[in-house]
Amino acid sequence: MSLKRWSAFFLLPSAFCLLPSGSCLYAADKKLTEDDRVEILRGLMAEYATVKVSLPRSKKPLPFDSAGTWDKQAWAEAGKEFGPAARVGDQVQLTRVTIEGDKILLEINGGMKGKGRWYDHVQVGMGGSTAPISTQQNSNAPSGTNMAILFNKPIPAIKAADLKKMLAPVLEFEKQTATENYVEKLPEPVQKAIKANKAIEGMDRDQVLLALGKPRHKERNVSADGAEMEDWIYGDPPGKITFVTFTGSKVTGIKEAYADVGGSTAAPLPVR
């Protein structure tokens, strides 16, 4: 792929957004970036936690203020109407995380929609693949519910660890995350690359997302021999731009180039 063909792409204004209306956040100081979003999803999805206060079932997300407080009366009324989702000491799991303009929605134990052994069917995925969540550590809570972390303003730059501390009055999370458990089982070169925030040949899409986060742009192509290829582009001018090429499901090439303010790229840099 010619690097020059991307020159026009890098001329997009910094405030331009390719996401649906309402999905782009522009805080007064530091805004939540796409990398922040990926880190939050990666750090919270499929995580287990021990319940510290009674969690009621609720059709509407239980409101939880980002200051670490919650409307105890509203929670109690939901409990009277729908019953408990989890009691103090129960173990629960986050089965969906949704980031909106001024709040983060958490689905716990599959929400209210399911009956029976919901955790046998939950899947988690990044990129184009999904995999069943391990049931070796099943929740012992009877049901599910939903919660909303309310910021009452555009969500600032924040990490999953900060959100876990924020939720500490109601949920105590395990020290090692599901992502850390997954990374530890990967081949050593892949582990080192992820920890160094680098992509290497042989990685799949999930592993590249863990290493580099969501790409700024994607482009699909077909090689001369008919193989399907996809390029993931990272970085902003002026500065280093990284091109990660997939053939099928695996990384087959990595190129780096420097892009100036106008967006034009220089010759590829050697990849270390």
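The values are calculated or read from the model by the stated rules, or taken from the named source; none is laboratory data. Since the model is a prediction, treat every value here as computed from it, not as a measurement. No Cβ is skipped: glycine too gets one built from the backbone with ideal geometry, and neighbour counts run over all protein chains shown. For the accessible areas, the whole protein counts, side chains as well, though only heavy atoms, and no ligand, DNA or RNA atoms are used. Shrake-Rupley method; radii C 1.70, N 1.55, O 1.52, S 1.80 Å.
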Task: Rounded to whole Hz, the Karplus (6.51, -1.76, 1.60) HN-Hα couplings of the stretch 64-78, x for glycine and proline - done: 9, 6, 5, 6, x, 10, 8, 7, 4, 5, 5, 5, 5, 5, 5
Task: Chain lengthening between Asp71 and Asn152 when straightened (0.36 nm per residue, less Cα-Cα) - done: 27.7 nm
Task: Computed label-point distance, nm, for sites Val53 and Ala224 using a 7 Å Cα→Cβ extension - done: 6.6 nm
TODO: Whenever you get a sec, line up Lys52, Lys195 from highest to lowest accessible area (probe 1.4 Å, protein heavy atoms).
DONE: Lys195, Lys52
TODO: Quick one: accessible surface of Met147, probe radius 1.4 Å, all protein chains present, in square angstrom to the nearest 10.
DONE: 0 Å²
TODO: Rank these residues by their accessible area, most exposed first, probe 1.4 Å: Thr245, Thr145, Thr69.
DONE: Thr69, Thr245, Thr145
Open item on the list: How large is the accessible surface of Glu256 in square angstrom, using a 1.4 angstrom probe and rounding to the nearest 10?
Closed with: 30 Å²
Task: Under the Karplus curve 6.51 cos²θ - 1.76 cosθ + 1.60, θ = phi - 60°, whole-Hz ³J(HN,Hα) for the stretch 204-211, x wherever Gly or Pro sits - done: 9, 5, 4, 5, 5, 4, 5, 7
TODO: For Glu81, Glu180, give the ranking by accessible area with the largest first, probe 1.4 Å.
DONE: Glu81, Glu180
TODO: Please say if the stretch 63-108 is rounded, prolate or oblate, where rounded means a/c under 1.5 for a ≥ b ≥ c the square roots of the C-alpha gyration tensor eigenvalues, and otherwise the choice is prolate for a/b larger than b/c and oblate otherwise?
DONE: oblate
Task: Simple spin-label estimate for Ala196 and Glu184 in nanometres, 7 Å along Cα-Cβ - done: 2.3 nm
